[in-house]
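Below is one structure, written out as structure tokens; comments come after it.
Nothing in this text is a laboratory measurement; each read-out follows from the coordinates by a stated rule. On a predicted model such as this, the values are computed, not experimentally measured, just so you know. Cβ coordinates were reconstructed from backbone atoms using ideal geometry, including for glycine residues, and neighbour counts include every protein chain displayed.
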Number of protein chains: 2
Amino acid sequence: MPIRRPVQGKLLYAQSGGVTAVINATAAGVIETARAKGVKAYAARNGILGALREDLIDTGRESKAAIAALRHTPGGAFGSCRYKLKSLEANRAEYERLIEVFRAHDIRWFLYNGGNDSADTALKLSQIGKAMGYDLRCIGVPKTVDNDLAVTDCCPGFGSVAKYTAISTLEASLDVASMAETSTKVFILEVMGRHAGWIAAAAGLAGNGPDEAPHIILFPENVFDEAAFLARVKATVERVGWCTVVASEGIRNAAGQFLADAGTRDAFGHVQLGGVAPTLAALVKQKLGYKYHWALPDYLQRSARHAAAKVDVEQAHAVGKAAVDYALAGMNAVMPVIVRGSDAPYRWKIEPAPLAKIANREKKMPKGFITRDGFGITAAARRYLAPLIAGEAPPPAKNGLPVYVRLKNLPVARKLAPWTPA
Amino acid sequence: MPIRRPVQGKLLYAQSGGVTAVINATAAGVIETARAKGVKAYAARNGILGALREDLIDTGRESKAAIAALRHTPGGAFGSCRYKLKSLEANRAEYERLIEVFRAHDIRWFLYNGGNDSADTALKLSQIGKAMGYDLRCIGVPKTVDNDLAVTDCCPGFGSVAKYTAISTLEASLDVASMAETSTKVFILEVMGRHAGWIAAAAGLAGNGPDEAPHIILFPENVFDEAAFLARVKATVERVGWCTVVASEGIRNAAGQFLADAGTRDAFGHVQLGGVAPTLAALVKQKLGYKYHWALPDYLQRSARHAAAKVDVEQAHAVGKAAVDYALAGMNAVMPVIVRGSDAPYRWKIEPAPLAKIANREKKMPKGFITRDGFGITAAARRYLAPLIAGEAPPPAKNGLPVYVRLKNLPVARKLAPWTPA
């Protein structure tokens, strides 16, 4: 049936999945643009769950300054969630409930800020809206530290975790270099990346050439080869005096097991979760006898707004603004993606891309980004990665700490009966 | 015998023990002040080992810009070491070797930048110099992230790790808060502090009141009480929705065992080193069933020059300058210490203190800094800690990364036979 562009109505914005240092910059872009165009913007509390529960936040109750401060505040200001809607066939009721909530509040534009799962949800909602004769525009808004979304050149959130990882690798390596004579010889930094080595690759920006840290990067794209790894550690320590290793959490052995799960058990015999770094450290100690240290920054890496990349903040804000522009222009089932014009000088722009090309797909790191020996990044990887960590965008500080905003997050009055999950 | 003030001679500077984000700012203070006074400054490569080995670096070969850049470069620019000289009785030969090296190079001022062990070494060297009739002034220069030196109000290096820890606690907690509805409910950050909880205490600056993170701080000053800890985690999750825990690496159970060593074994049955955080996480999972994440920043925390406290950088530089001033004024066996004038506005000055009052002593955190329930910091702790993390002093950046200097570290020609360790 024909869909007219709604002449009035509200916009609903929701955050999905793991948050980033700059997802709130996207929220600022969305809300500021909606306000500029006279459109009322709601947010769903805790992502799609808030939409299902009719737990909506009226962002109009927040001051202009509070919304502007989202640009420099990490985490997800409205709450996010890990909740994947089932397929239309398996649970059509959930999709219908969402349309019911949208209808009750005259929500005509739905902006879902997440990864490829969220793109899928937004796509399905646009379809069911049509099927139910409800005039709705659904826009996916890209976000993920994993940098694994299809079509877009990069993902808002990735540049900042990449920058944090490169800085941390550089700084910790200076520490190790000064201690190596009598103390730590091998330092292992474990970074996020269950399926793709984008974040680990970014650590490679900290140095250049075989003697500069990181000396070894372990990618989930490669099978972990214990003998080759140990030989490289040994050769590096003997040549340089010390060795920095950056390991993706997702590396696996030839049997396909995650190293993080391989072997370590707690006092009760349970497999101990987490920790490629301690596993590798124990291996280095047992087989080579070197003194080691390891670090696992975990959430610190993806929330480190204090060290965010300026270009990442700008892109995060820009996709938020574009999402509203696209929605109000009547586009549907699209995502604003980042298109690279050139590497150096770095040029980029935002364009719409169909959600159907993004939903449920995963962008792998190109094979040409990993050196032939498997332990480093190539010049092509550097050309791609370098502009993404560029520029500083420090948050305002007071008393030595960043000033981060906490929104009031006042609820919109409910109009429907409570939702009962299937 | 009477000691005249040397009218000529050289100054030797050495870095000792674990390095910090600002120890090189002290080196800059030393070298810049020596240059201004027309005194030649050598540095020992890898701390006291370089002095024993006659492996000296001529800092006069470095440009003014390179020395100035030490002010914003983390790690130990000349190398440090973990090497404690034995007592005079047990190994007098080592002390005599040092005097022999000093005599060969006409080193009349020795500045040893470290903690309480280094203060002890500097004190003993000043004594043996006298006994051997060699005119030498020894100055200890304070440095330690542990903040455990006696007499001085605080230790250069501590303010920056304190700031990093408070920022990281704040940022990761915003992340957890946004994910807690469907994912991580308990986040555990493990920080340095084997014997004293200064760094963990600093995390307390990230929030205020029972609902703000960190909700629980675990200090090595307290015996770990599993039941009380779990009850507090549960109550916090039920009230706030999530819980941030900051744990000192040095916490112990009632039997005096480090929690980090308690129970976790690798696949070979060896005790797995490191990890209060995973141990606590496993406990939370087993006993309360909450989803958790944990982080262990390790060297990242003490090398994070990108997030250093301005006041810490200034104090680090000031103790370096004062050490040279004291040495050239003929003082001996002293350390420049930081004296606090007032908390707010924060006022401080540098004064000399006898090494005899600092060597081998350890400053504990005052009992009045920990709340009665054992899980937080008091107003007195906040008054003490708050000024130490104040101010930003970002390093210059290029291509998105801090620009850190690498010195040439050119050696001074040897004059003696190689050293043979006893």
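Quick notes
- Hey, B:L170 assigned to a helix (DSSP H, G or I) and closer than 23 Å to A:G76 by Cα or not: yes
- Among the candidates B:K163, B:K234, the residue that is out of contact with any Lys or Arg (no Cβ under 7 Å at 6 or more places or on another chain) and more than 14 Å from every other protein chain (Cβ to nearest Cβ) is uniquely B:K234.
- Candidate set from the range A:377-404 (those that are of a type outside the set (G, A, S), more than 7 Å from chain B (Cβ to nearest Cβ) and without any contact (Cβ under 8 Å) to a residue 40 or more places away in the chain); member that is surrounded by the fewest Cβ atoms within 10 Å (Cβ to Cβ): A:K398
- Hey, A:Q315 of a type in the set (S, T, N, Q) and surrounded by fewer than 24 Cβ atoms within 10 Å (Cβ to Cβ) or not: no
- For the range B:298-327, filtering for residues that are under 19 Å from B:L401 (Cα atoms) and at the interface with chain A (Cβ under 7 Å from one of its Cβ atoms) leaves 9.
- When the range A:216-259 is filtered for residues that are touching an Asp or Glu at 6+ places or on another chain (Cβ under 7 Å) and part of a loop (DSSP other than H, G, I, E, B), only A:E249 remains.
- Exclusive hit being away from chain B (no Cβ under 14 Å), surrounded by fewer than 20 Cβ atoms within 10 Å (Cβ to Cβ), in contact (Cβ under 8 Å) with a residue 24 or more places away in the chain and under 27 Å from A:D135 (Cβ atoms), set A:G330, A:G374: A:G330
- Any hit, the range A:411-419, residues being of a type outside the set (K, R), crowded, with 18+ Cβ neighbours inside 10 Å and not in a loop (DSSP other than H, G, I, E, B): no
- Output for the range A:31-46, where each listed residue is more than 15 Å from A:F102 (Cβ to Cβ) and either within 14 Å of chain B (Cβ to nearest Cβ) or not charged (D, E, K, R) (or both): A:I31, A:T33, A:A34, A:A36, A:G38, A:R45, A:N46
- Per this entry, A:N222 is not counted among residues that are among the polar types (S, T, N, Q) and on the phi > 0 side of the Ramachandran plot.
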